[in-house]
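Peer 1: Sending over a structure as structure tokens; questions will come in a sec.
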Amino acid sequence: MTGTISDPSKFPKSRRLLKHADFQRVYQTGRRQFTGNMTVFFLRRQEGPEGGPRVGLTVGKVLGGAVDRNRIKRRMREAVRLSRTACDGPIDIVFNPRKSVLALPFTELVNEVVRGLRLATQRARSAEAK
């Protein structure tokens with residue numbers, strides 16, 4: 001079976017934010033955290049059949065042409081795929097990278113994504129506890 005959650009080499013659709021409405025909900029009702037090279041928007045959601053985190057990426061035209069934007073998206077997707085174990089629970093996360101992600105060494109990018117995932121998870125839990 002391809003694309004299952006247990007397959008660590010995949011980034012299945014069940015773990016991605018795909019709908020415009022989901023992105024809007026995270027932007028409008030969620031919180032944000034700034035890291036050095038990206039902004040992380042997050043929103044804890046109600047427990048559902050898919051209780052794990054869902055991740056989305058937004059890369060605007062201000063970051064460059066299609067080639068640069070697609071490269072940023074590929075690098076970000078791979079960094080999220082490698083570090084998704086840093087986050088657990090029902091949370092929606094949207095990464096909005098800066099142009100500096102293009103020149104950032106990949107190991108630093110992965111470390112920053114891990115930090116963003118952990119911060120989002122911690123802050124979502126603390127906001128829910130209040």
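To keep it simple, each residue is scored yes or no on (1) out of contact with any strand residue (DSSP E or B) (no Cβ under 7 Å at 6 or more places or on another chain); (2) of a type in the set (A, V, I, L, M, F, W, C); (3) closer than 21 Å to Val110 by Cα.
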| site | (1), (2), (3) |
| --- | --- |
| Val55 | no, yes, yes |
| Gly65 | yes, no, no |
| Arg75 | yes, no, yes |
| Val80 | no, yes, yes |
| Ala86 | yes, yes, yes |
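Peer 1: Further question on the same structure: Quick check, is Ser126 crowded, with 16+ Cβ neighbours inside 10 Å and out of contact with any Asp or Glu (no Cβ under 9 Å at 6 or more places or on another chain)? I'd like the intermediate steps shown before the answer.
Peer 2: Numbers: crowded, with 16+ Cβ neighbours inside 10 Å: no; out of contact with any Asp or Glu (no Cβ under 9 Å at 6 or more places or on another chain): yes.
Against the criterion (crowded, with 16+ Cβ neighbours inside 10 Å and out of contact with any Asp or Glu (no Cβ under 9 Å at 6 or more places or on another chain)), Ser126 does not qualify.
Peer 1: Follow-up. Scan (1) within 22 Å of Arg15 (Cα to Cα); (2) surrounded by fewer than 16 Cβ atoms within 10 Å (Cβ to Cβ) for the single condition Gly30 breaks and write down its number.
Peer 2: Status for Gly30: all satisfied but (2).
Peer 1: Please state which of the following conditions Lys61 fails to meet, knowing it meets all the rest: (1) surrounded by 15 or more Cβ atoms within 10 Å (Cβ to Cβ); (2) closer than 19 Å to Gln24 by Cβ.
Peer 2: (1)
Peer 1: Return yes or no: is Ile72 surrounded by 13 or more Cβ atoms within 10 Å (Cβ to Cβ) and closer than 26 Å to Gly51 by Cβ? Steps first, answer last, please.
Peer 2: Working: surrounded by 13 or more Cβ atoms within 10 Å (Cβ to Cβ): yes; closer than 26 Å to Gly51 by Cβ: no.
In short, no.
Peer 1: Specify the residue that is nearest to Val55 (Cα to Cα); the eligible residues are those in region 12-37 that are without any contact (Cβ under 8 Å) to a residue 40 or more places away in the chain and charged (D, E, K, R).
Peer 2: Lys13
Peer 1: Something else about it: Within region 98-120, restricting attention to residues that are of a type outside the set (A, V, I, L, M, F, W, C), in a helix (DSSP H, G or I) and touching a residue at least 40 places away in the same chain (Cβ under 8 Å), which residue is farthest from Lys19 (Cα to Cα)? Please lay out each step first, then the result.
Peer 2: First pass over region 98-120, keeping only residues of a type outside the set (A, V, I, L, M, F, W, C): 98-100, 105, 107-108, 111-112, 115-116, 118.
Adding the requirement that they be in a helix (DSSP H, G or I) leaves 99-100, 107-108, 111-112, 115-116, 118.
The next check asks that each one be touching a residue at least 40 places away in the same chain (Cβ under 8 Å); those that pass are 100, 112, 115-116.
On the way: Ser100: 27, Glu112: 25, Arg115: 25, Gly116: 22 Å.
Restricting to residues being of a type outside the set (A, V, I, L, M, F, W, C), in a helix (DSSP H, G or I) and touching a residue at least 40 places away in the same chain (Cβ under 8 Å), the top hit is Ser100.
Rundown of residues vs (1) within 12 Å of the chain's Cα centre (by Cα); (2) in a helix (DSSP H, G or I), yes/no style:
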{"site": "Gly51", "(1), (2)": "no, no"}
{"site": "Gly56", "(1), (2)": "yes, no"}
{"site": "Asp68", "(1), (2)": "no, yes"}
{"site": "Ile72", "(1), (2)": "no, yes"}
{"site": "Val80", "(1), (2)": "yes, yes"}
{"site": "Asn96", "(1), (2)": "yes, no"}
{"site": "Ala127", "(1), (2)": "no, yes"}
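Peer 1: For region 18-49, enumerate the residues that are assigned to a strand (DSSP E or B) and either hydrophobic (A, V, I, L, M, F, W, C) or closer than 23 Å to Lys99 by Cα (or both). Let's see the steps before the verdict.
Peer 2: As a first pass, look at region 18-49 and keep what is assigned to a strand (DSSP E or B): 31-34, 38-44.
Once the filter is applied, which keeps residues that are assigned to a strand (DSSP E or B) and either hydrophobic (A, V, I, L, M, F, W, C) or closer than 23 Å to Lys99 by Cα (or both), region 18-49 yields Arg31, Arg32, Gln33, Phe34, Met38, Thr39, Val40, Phe41, Phe42, Leu43.
No lab work stands behind these numbers, since they all come straight from the coordinates. Please read all numbers here as calculations on a predicted model, not as lab measurements. Don't worry about glycine lacking a Cβ; one is built from the backbone with ideal geometry, like all the others, and counts go over all protein chains shown.
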